[in-house]
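*Asks:* I'd like to ask you about the structure that follows.
The values are calculated or read from the model by the stated rules, or taken from the named source; none is laboratory data. Computed from a prediction, not measured in an experiment: that's the story for all the values here. Virtual Cβ from ideal backbone geometry, glycine too; neighbours counted across all protein chains shown.
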Amino acid sequence: MTSSQNSHPLTLLEWFSTTAPPSHGIPSILLLDGGVSTHLEHLIAPQTFSHRELWSSSLLLTQEGREYIKQGHADWLLAGSDILTTVTYQCHFGLVGTGSNNDNESDVGTVVSKETMSKMIRQGIEIARDAIYQQVASKKSSITRSVGPFVVASTGPYGAAMADGSEYSGKYPLNVTEQALLQFHRQKAAGLWGCHPDGIAVETIPNLQEVGVVCQVLRELKQRKTHQSPCCCWISLACQDGTRLNDGSLLKDALDIIQSMDSNNEFITAIGVNCCDSVHIAPLVKTIAQHIFSCCKRDVAPRGIVVYPNSGESWDAANEEWKEGTGVDNAQFADRLIEVVSIIHDTWKKRRLEFEGPICAPKILLGGCCRTSQRTIATLRNRVDTMQDKFLIKE
């Protein structure tokens, strides 16, 4: 698919799938937003999120909260984000902070019914769309985009719903079966898909078994739909270092599972890492790029690569606050993300030489996770705009 074949603006799925080189006016790199929840924490201070288990998603329960969310989205657009992720990461059905995965309403469920949770998911996507519409209508932004902005619906892992930090350890209780994980992800993925976002991000997956479960759920979802949806899906992994998921499994094993379950890139559009320290992203992305290019086919767009680490700041658990002076500054953060673009580019060039034929350039999404701010994204926007033409241009 090339830009000349499209009289309408590209969907996000079409952007990932296009084989036209960036020199045809289609950028290779799009920017995500940053630390959505931590930015909302700043906006509502000195208030706090009303439900610990729902975290930032609890703002969807009130009109005032929804206005804060819309303001947060507007801030990211003004900073230069091409993609907004919805405040639905913690909107879970059935299991919320109890370790239970039955159909009964649990501690937060007694306040938030399944009907209300479905409404929250729908509103989360609508608010992001409204923020884009209002910015385009007001012409406030000085940023010129050839594609986007887009809305991607966020969904978190089973560990996030347990509200005990399990997404950071990847260690789930022994009684959490594969069937329980399937049930957990199926209902939410179907709810998000039914709201027709531009994409679905299955984020911060820390557990090897859960990687396979997510692949199965996305495959089922794609197969059940009788119409062709323009919705793309990516899986973003949570890693403890440069080689391993948070549960200790090798990144390579997770990539092998994804490839074995979707060898033709039919329902997993991109693979990435998020919410890890940016010091680890270079080796992680090199492994992902090598795996993607080793599996790619001639004249078919390879899977995209998604990278959005956190600020690297340390958390003071005793005082429940971030330690000042830890982490990286905005320039260092941007430097590390630009470095991974170079790694992807170099890996792609090497594979092209081995392949002895054209291999389409990959699409790249860059952004930030916890504690990255609008200034972080604005700095990254500056860097990407100055180097967009230097990478992944010549076929």
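*Asks:* Is it true that some residue in region 168-186 is over 18 Å from the mean Cα position of the chain (by Cα), more than 19 Å from Asp256 (Cα to Cα) and of a type in the set (Asp, Glu)?
*Replies:* Within region 168-186, not a single residue is over 18 Å from the mean Cα position of the chain (by Cα), more than 19 Å from Asp256 (Cα to Cα) and of a type in the set (Asp, Glu).
*Asks:* Being touching a Phe, Trp or Tyr at 6+ places or on another chain (Cβ under 6 Å), surrounded by fewer than 22 Cβ atoms within 10 Å (Cβ to Cβ) and at pLDDT below 90, is that true of even one residue in region 132-154? Show your work before the answer.
*Replies:* The initial filter retains those residues of region 132-154 that are touching a Phe, Trp or Tyr at 6+ places or on another chain (Cβ under 6 Å), namely 147, 154.
Still in the list and also surrounded by fewer than 22 Cβ atoms within 10 Å (Cβ to Cβ): 147.
Still in the running and at pLDDT below 90: 147.
Within region 132-154 (the criterion being touching a Phe, Trp or Tyr at 6+ places or on another chain (Cβ under 6 Å), surrounded by fewer than 22 Cβ atoms within 10 Å (Cβ to Cβ) and at pLDDT below 90), the answer is yes, since at least one residue qualifies.
*Asks:* Determine which member of the set Val151, Val176, Val136 is of a type in the set (Val, Ile, Thr) and in contact with a strand residue (DSSP E or B) (Cβ under 7 Å, 6 or more places away or on another chain).
*Replies:* On the way: Val176 fails: in contact with a strand residue (DSSP E or B) (Cβ under 7 Å, 6 or more places away or on another chain); Val136 fails: in contact with a strand residue (DSSP E or B) (Cβ under 7 Å, 6 or more places away or on another chain).
Answer to the check: Val151.
*Asks:* Can you say whether Lys252 is of a type outside the set (Gly, Ala, Ser) and surrounded by 17 or more Cβ atoms within 10 Å (Cβ to Cβ), as far as the supplied structure shows?
*Replies:* Numbers: of a type outside the set (Gly, Ala, Ser): yes; surrounded by 17 or more Cβ atoms within 10 Å (Cβ to Cβ): no.
Judged against the criteria, Lys252 is not a match.
*Asks:* Out of region 29-44, which residues are assigned to a strand (DSSP E or B) and acidic (Asp, Glu)? Steps first, answer last, please.
*Replies:* Going residue by residue through region 29-44, those that are assigned to a strand (DSSP E or B) are 29-31.
Of everything in region 29-44, nothing turns out to be assigned to a strand (DSSP E or B) and acidic (Asp, Glu).
*Asks:* Being surrounded by fewer than 15 Cβ atoms within 10 Å (Cβ to Cβ), modelled with pLDDT under 90 and either in contact with a Leu (Cβ under 9 Å, 6 or more places away or on another chain) or not in a loop (DSSP other than H, G, I, E, B) (or both): is that true of Val111 here? Steps first, please.
*Replies:* Working: surrounded by fewer than 15 Cβ atoms within 10 Å (Cβ to Cβ): no; modelled with pLDDT under 90: yes; either in contact with a Leu (Cβ under 9 Å, 6 or more places away or on another chain) or not in a loop (DSSP other than H, G, I, E, B) (or both): yes.
No; evaluated as a whole, the condition is false for this residue.
*Asks:* Consider Ala74 against the criteria (1) at pLDDT 95 or above; (2) hydrophobic (A, V, I, L, M, F, W, C); (3) not in a helix (DSSP H, G or I): it satisfies all of them except one. Which criterion is unmet?
*Replies:* The number of the failed condition is (3).
*Asks:* Checking the condition in contact (Cβ under 8 Å) with a residue 24 or more places away in the chain, of a type outside the set (Phe, Trp, Tyr), within 26 Å of Trp76 (Cα to Cα) and in a helix (DSSP H, G or I), which residue from Ala137, Ala201, Ala131 passes?
*Replies:* Values: Ala137 fails: in contact (Cβ under 8 Å) with a residue 24 or more places away in the chain; Ala201 fails: in a helix (DSSP H, G or I).
So the residue among Ala137, Ala201, Ala131 that is in contact (Cβ under 8 Å) with a residue 24 or more places away in the chain, of a type outside the set (Phe, Trp, Tyr), within 26 Å of Trp76 (Cα to Cα) and in a helix (DSSP H, G or I) is Ala131.
*Asks:* If you go through region 32-40 one residue at a time, do you hit one that is farther than 23 Å from Ala163 by Cα and among the aliphatic types (A, V, I, L, M)? Talk me through it step by step, then tell me what you get.
*Replies:* Here is the first cut: in region 32-40, the residues farther than 23 Å from Ala163 by Cα are 32-33.
The next check asks that each one be among the aliphatic types (A, V, I, L, M); those that pass are 32.
Yes, region 32-40 has at least one match.
*Asks:* Please pick out the residue among Gly272, Gly242 that is small (Gly, Ala, Ser), part of a strand (DSSP E or B) and either modelled with pLDDT of 95 or more or under 19 Å from Arg186 (Cα atoms) (or both). I'd like the intermediate steps shown before the answer.
*Replies:* Values: Gly242 fails: part of a strand (DSSP E or B).
Residue meeting the stated conditions: Gly272.
*Asks:* Turning to a different aspect of this structure: Mind listing whichever residues of region 322-343 are in a helix (DSSP H, G or I) and farther than 17 Å from Val285 by Cβ?
*Replies:* We begin by selecting, within region 322-343, every residue in a helix (DSSP H, G or I); these are 330-343.
The answer is Asn330, Ala331.
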